[in-house]
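Student: Before we start, here is the structure in question, set down as structure tokens.
The values are calculated or read from the model by the stated rules, or taken from the named source; none is laboratory data. The structure displayed is predicted, hence computed values, not measured ones. Here the Cβ positions follow ideal geometry from the backbone for every residue, glycine too, while neighbour counts run over all protein chains shown. The protein model used for the area step is the full one, side chains on, heavy atoms only, and it has no ligands, DNA or RNA in it. Shrake-Rupley method; radii C 1.70, N 1.55, O 1.52, S 1.80 Å.
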Amino acid sequence: MHANAVNVSRIFRLFIYSNLYISLCAVLMITQTNHFFKLQYNTRIFYLFVFCATLCSYNFHWYLTPFVTSTSLRIAWNDAHRRLLLSIYIVMLVASAILALQLTAHWLPLSVGVLATFLYTAPKIPHKYFSLLSKIAVGKTLFLTFVWMYVTTALPILIADTSWTMAHTLFCISRFSLIYAICILFDYRDREADRAQGVKSMITWMSEKHILVIFLVALLLFVISTVALSTQSFSPFSIVLLLIPGGIVLGLYNYARRHFSDYLYYFILDGLMMFSSLLTLLFRI
């Protein structure tokens with residue numbers, strides 16, 4: 001019985017720490033965008049591309065993250081499985097390139113997403129020109145939030161070649177503000193390490209009071225933009241499903257500032273980005 005529990009724990013850690021989970025989150029978020037706006041394009045290829053590209057990007061990011069003494073199980077796991085991270089990165093890089101060739105008709109919006117994703121990890125590359133980016137990347141949290149919103153929300157709309165509407169704008173704002181609220185908690189947890197490494201972000205240098213204000217403003221913007229979707233033919237039930245993760249994030253704010261468990265951050269908080277997408281898929285609204 002104990003051995004089975006250990007094996008399940010190992011498989012779960014592999015699922016989370018190898019970035020399979022976060023890659024699936026990205027795909028689920030795109031399915032919700034496609035569903036709400038009834039987008040027509042080669043979704044199968046795009047899902048595969050985003051899954052492989054996310055897996056590639058995150059494994060590259062974590063492979064370049066240096067080992068430091070920490071209570072985080074993920075840091076220790078990464079150090080023990082560095083070859084695995086590198087192998088996944090290389091395989092997914094090749095797979096992403098092959099899939100991208102089938103999306104070349106949309107090379108411009110696709111290139112924006114690829115470049116933005118690369119620039120977020122670039123400061124970790126051990127070269128003076130790239131390392132310099134960490135000293136000036138004051139808005140790194142905003143940048144990461146933009147990448148997630150763009151790839152999972154704006155990019156599918158652009159690839160589908162559909163006319164941009166107010167509903168698209170409100171949905172982008174809604175998703176951006178929710179992801180930003182979640183990212184604020186990640187930045188709060190990492191701020192001591194960021195300060196030690198000279199990484200700059202707004203959250204790193206702000207007081208607790210100012211962090212709370214920005215967090216609440218982000219959630220307020222999330223609520224306003226989401227409720228405003230009701231004027232764009234979104235059903236009341238859809239609005240409720242979209243709002244649920246925001247309520248959970250708000251409820252977790254104080255707890256997440258005191259407890260830094262890997263599973264809380266990399267499973268629950270990361271999962272809240274796609275939670276309404278999962279609910280949408282389950283209820284088939």
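Student: How far is it, in nm, from the label point at R258 to the one at S207 when both lie 7 Å from their Cα along the line to the Cβ?
Tutor: Roughly 2.2 nm, to one decimal.
Student: Cα-based count: Lys pairs in the chain below 21 Å, eight or more positions apart or different chains?
Tutor: 9
Student: Here's another thing I want to ask about it. May I ask you to order 257-267, 224-234 by the average number of other C-beta atoms within 10 Å around their residues, highest value first? Present the calculation step by step, with values, prior to reporting the outcome.
Tutor: Details: 257-267: 14.6, 224-234: 16.2.
Ranked from most to least packed, the peptides come out as 224-234, 257-267.
Student: Quick one: P(r) of the chain from all Cα-Cα pairs, 5 Å bins, percents rounded to integers, in order of increasing distance.
Tutor: That works out to 1, 5, 11, 16, 18, 18, 14, 10, 5, 1, 0, 0, in percent per bin.
Student: Counting only the backbone N, which residues of region 241-285 are under 19 Å from the spot 7 Å out from the Cα of L103 toward its beta-carbon?
Tutor: 274
Student: Computing the accessible area with a 1.4 Å probe over protein heavy atoms, can you report the carbon and sulfur percentage for the chain? Show your work: numbers first, answer last.
Tutor: Numbers: 10100 of 14240 Å².
Of all accessible area on the chain, carbon and sulfur atoms account for 71 percent.
Student: Starting from the Cα coordinates of region 15-85, work out the convex hull volume and express it per residue in Å³.
Tutor: Values: hull volume 6.2 nm³, N = 71.
Per residue, the Cα convex hull of region 15-85 comes to 88 Å³.
Student: Please identify the DSSP H helices in the chain that span no less than 18 Å along the helix axis (Cα) and have a mean Kyte-Doolittle hydropathy of -0.5 or more. Please report the intermediate quantities before stating the final value.
Tutor: Working: long enough: 2-17 (22 Å, 0.57); 20-37 (26 Å, 1.26); 43-64 (31 Å, 0.90); 82-100 (26 Å, 1.91); 107-121 (21 Å, 1.45); 166-197 (43 Å, 0.26); 208-228 (30 Å, 2.21); 236-256 (30 Å, 1.63).
Result, helices passing both filters: 2-17, 20-37, 43-64, 82-100, 107-121, 166-197, 208-228, 236-256.
Student: Taking the Cα centre of the chain as origin, sum charge times position over the Cβ atoms of Lys and Arg (+1) and Asp and Glu (-1), and report the length of that vector in debye to the nearest 20. Walk me through the intermediate numbers first.
Tutor: Numbers: 20 positive and 9 negative charges, 73 e Å.
In total the dipole reaches around 360 debye.
Student: A further question follows. I need the Debye-formula profile for region 198-285: one equal scatterer per C-alpha, no solvent, reported as log10 I(q)/I(0) at q = 0.14, 0.17, 0.18 1/Å, two decimals.
Tutor: Values returned for q = 0.14, 0.17, 0.18 Å⁻¹ are -0.61, -0.85, -0.92.
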